[in-house]
Amino acid sequence: MPPVPSKSLPLAALLAAIPLAPALAHTGSGVAIGLQSGLLHPITGADHLVAMVAVGLWGAQLGAPAIWVLPITFPLVMAVGGLIGLAGVPLPFVEPVVALSGLALGLLIALHVRPPLWAAAVLVGVFAIFHGYAHGRELPGAADPTAYAVGFVVATGLLHLTGILIGVLVAWPAGARLVRVCGAAIGCVGLYFLLASVGVLS
Amino acid sequence: MRTKARLLAGATVAAVLALPTAAHAHLVDTRLGDFYGGALHPLTELQQILPWIALAALAAFQGARRARWVIAAFPLALLAGGLAALAVPAPPYESLVGIGLVAATGLALAAAARVPLPVLVGLAAVMGLLHGFQNGQGLPASTDRLLFLAGATAIGYVVMTLATGAALAFLRGVGGWRPIALRASGSWVAAVGIMVLGLQFFAPTAS
């Protein structure tokens with residue numbers, strides 16, 4: 001038997017260590033898929049995304065107590081909207097109102113409008129109904145409805161938190177101006193989706 | 001040179017011994033597998049683990065003295081519920097009550113409600129009994145039920161103790177945002193509970 005070259009031994013050991021069977025570590029159970037689709041639903045829809053960030057941003061711009069009242073109120077009212085969607089109650093103009101929420105909240109931030117707290121909560125609550133309705137309609141078809149609900153509620157909350165963190169900039173004059181610019185940008189995105197939803201843009 | 005060859009041969013033998021094989025992480029062939037099965041069962045069920053954490057945070061809002069009662073009552077109720085499942089049939093509306101508890105606990109946390117001690121312990125007991133019952137239901141004959149329920153009870157105690165302790169420590173930190181963050185998480189739990197509850201009423205075939 002010819003001698004085996006010494007350098008080939010570690011190489012042979014390394015190659016032998018490579019598993020030939022798939023690991024199948026992520027089996028993609030109903031919970032995992034439901035959670036993933038729920039997490040991605042508000043993030044992959046830009047109209048939802050900008051509106052959620054705007055809620056946090058506007059709360060931060062308005063200061064306490066709006067900074068926490070709006071993000072705590074929103075998921076609860078959104079759940080009511082989800083129930084309406086689940087019940088199959090027809091709600092007109094869902095997509096236009098979701099787009100309008102981005103436009104309206106963006107404008108309110110850009111123009112630094114400071115309504116009374118109740119008025120801000122009611123406005124955000126109305127928009128939350130429509131966002132919840134859109135999410136709720138997809139709930140029964142989810143791989144795991146509970147996981148889907150957890151995913152989109154957590155994603156919504158984290159988007160609010162993102163808005164609040166950006167809104168911390170209002171503590172500085174330049175930051176306050178930047179927040180208003182962010183509001184204007186959100187309003188532009190909302191306007192685009194509003195025009196698209198009513199068929200003006202394809 | 002000879003030493004190097006020995007080292008290479010030793011390394012080769014070690015590498016062969018470390019060849020990847022099945023991990024057998026679920027220990028189905030051992031008696032302890034049922035203990036771990038019981039411990040993991042509630043952790044993979046969002047309808048159980050979510051209200052557990054919400055209950056722990058709610059207990060933390062009531063202060064350490066009151067929270068200790070929950071840590072004692074909850075695992076005992078979990079065990080009692082599991083044992084009851086071996087003897088009696090499922091109560092009516094068990095699923096609805098379970099999801100209702102998710103919504104109620106989340107709402108109480110979102111409101112940072114000051115709950116009387118009997119109500120708090122009663123909530124922990126009802127939740128423990130119900131979830132213990134759900135854990136003990138439908139176990140296959142091959143499962144060691146005592147080990148399974150012991151695992152579920154142990155994880156209930158561990159999760160409740162750690163989550164309550166973490167929430168208490170979190171609330172004691174500096175910054176007024178801390179209770180707000182916990183209340184926001186309560187509103188998330190409540191929102192999930194309300195929607196899944198609605199699913200039971202309006203689209204039961206889809207669940």
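The values are calculated or read from the model by the stated rules, or taken from the named source; none is laboratory data. Everything numeric here is computed off the predicted structure, so don't read it as measured data. Counting neighbours? That spans all protein chains shown, and the Cβs are built from the backbone with ideal geometry, glycine included. Please note that ligands, DNA and RNA were not included when accessible areas were found on the heavy atoms of the full protein model with its side chains. Shrake-Rupley method; radii C 1.70, N 1.55, O 1.52, S 1.80 Å.
Taking the mean number of other Cβ atoms within 10 Å as a proxy for protection, how do you rank A:178-190, A:123-135 from highest to lowest?
Values: A:178-190: 19.1, A:123-135: 22.9.
Top to bottom by mean Cβ count within 10 Å: A:123-135, A:178-190.
With runs of 4+ DSSP H residues as the only contributors, calculate the mean residue ellipticity of chain A at 222 nm using -39,500 (n - 2.57) per run, divided by the residue total and rounded to the nearest 500. Before the final figure, lay out each step's value.
Values: 8 runs with 148 residues, N = 202.
Per the formula, -25000 deg cm²/dmol.
Before I look further, what does the protein assembly as shown give for accessible area per residue, probe 1.4 Å, in whole square angstrom?
Working: 20360 Å² over 409 residues.
Per-residue value: 50 Å².
For the protein assembly as shown, what is the charge dipole size about the Cα centre, in debye to the nearest 20, if Lys and Arg each add +1 at the Cβ and Asp and Glu each add -1 at the Cβ? Provide the component values of the computation, followed by the final result.
On the way: 17 positive and 9 negative charges, 275 e Å.
Charge dipole of the protein assembly as shown: 1320 debye, to the nearest 20.
Any idea of the total accessible area buried by the B-A contact, 1.4 Å probe, rounded to 100 Å²? Walk me through the intermediate numbers first.
Working: alone 11900 and 11030 Å², together 20360 Å².
So the total buried area for this chain pair works out to about 2600 Å².
Under the rule a/c < 1.5 gives rounded, and otherwise a/b versus b/c splits prolate from oblate, where does segment B:100-203 land using the Cα gyration tensor?
On the way: a/c = 2.31, a/b = 1.44, b/c = 1.60.
Because a/c hits 1.5 or more and a/b fails to exceed b/c, segment B:100-203 counts as oblate.
Give me the accessible area of B:GLU94, 1.4 Å probe, in Å² rounded to the nearest 10.
30
Net charge near B:THR164: determine it from the other residues with C-beta under 14 Å of the C-beta of B:THR164, scoring Lys and Arg +1 and Asp and Glu -1. Walk me through the intermediate numbers first.
Details: positive: B:ARG65, B:ARG66, B:ARG68, B:ARG172; negative: none.
For residues surrounding B:THR164, the net value is +4.
Ignoring everything but the protein chains, give the 1.4 Å probe accessible area of A:ILE43 in square angstrom, nearest 10.
80
Under a no-solvent Debye model with one identical scatterer per Cα of segment B:124-178, what's log10 I(q)/I(0) at q = 0.13, 0.20, 0.23, 0.29 Å⁻¹?
-0.48, -0.78, -0.90, -1.12
How much length, in nm to one decimal, is gained on full extension between B:TRP177 and B:ARG114, taken as 0.36 nm per residue of separation minus their Cα-Cα distance? Could you put the intermediate results ahead of the total?
Numbers: separation 63, 0.36 × 63 = 22.68 nm, distance 1.86 nm.
Between B:TRP177 and B:ARG114, full extension yields 20.8 nm more.
Can you give me the relative contact order of chain A as a percent, contacts being Cα pairs under 8 Å and 6 or more apart? Before the final figure, lay out each step's value.
Details: 298 pairs, mean separation 74.5, N = 202.
Value for chain A: 37 percent.
Can you work out ³J(HN,Hα) from phi for every residue in segment A:102-114, in order, using Karplus 6.51 cos²θ - 1.76 cosθ + 1.60 and θ = phi - 60°, giving whole Hz and x for Gly and Pro?
Calculated HN-Hα couplings, in order: x, 5, 5, 5, x, 5, 4, 6, 4, 8, 6, 7, 10 Hz.
What does the average come to when, for each residue of peptide A:68-81, you count the partner chain Cβ atoms lying within 10 Å of its Cβ?
Working: counts 7, 1, 0, 5, 10, 2, 3, 13, 10, 2, 4, 13, 4, 1.
Per-residue shielding by partner chains comes out at 5.
Answer rounded, prolate or oblate for the protein assembly as shown, using the Cα gyration tensor with square roots of eigenvalues a ≥ b ≥ c: rounded when a/c is under 1.5, else prolate when a/b is larger than b/c, else oblate. Let's see the in-between values first.
Values: a/c = 1.95, a/b = 1.34, b/c = 1.45.
Taking the square roots of the gyration eigenvalues as a ≥ b ≥ c, the protein assembly as shown is oblate.
Decide, for segment B:37-95, between rounded, prolate and oblate: order the square roots of the alpha carbon gyration tensor eigenvalues as a ≥ b ≥ c, take rounded if a/c falls under 1.5, and otherwise choose prolate if a/b is larger than b/c, else oblate.
Prolate, because a/c is 1.5 or more and a/b exceeds b/c.
What FRET efficiency comes out for the pair A:LEU40/B:TYR93, r = Cβ-Cβ distance, R0 = 35 Å, nearest 0.05? Display every interim value, and only then the final one.
On the way: r = 33 Å, r/R0 = 0.96.
Once the sixth-power term is evaluated, E becomes 0.55.
Where in chain B is the longest stretch that carries no trypsin sites (Lys or Arg not before Pro) classed as loop by DSSP and with at most 13 other Cβ atoms within 10 Å? The partial results should precede the final answer.
Values: sites that count: B:ARG31, B:ARG114.
Free of exposed loop sites, the longest segment is B:115-207.
Which value results when the Cα radius of gyration for chain B is divided by 2.2 N^0.38 Å?
Values: Rg = 22.2 Å, N = 207, 2.2 N^0.38 = 16.7 Å.
Normalised Rg, Cα atoms only: 1.33.
How big is chain A along each principal axis, measuring the range of its Cα positions in Å and listing the largest first?
On the principal axes, chain A reaches 90, 47, 37 Å in Cα extent.
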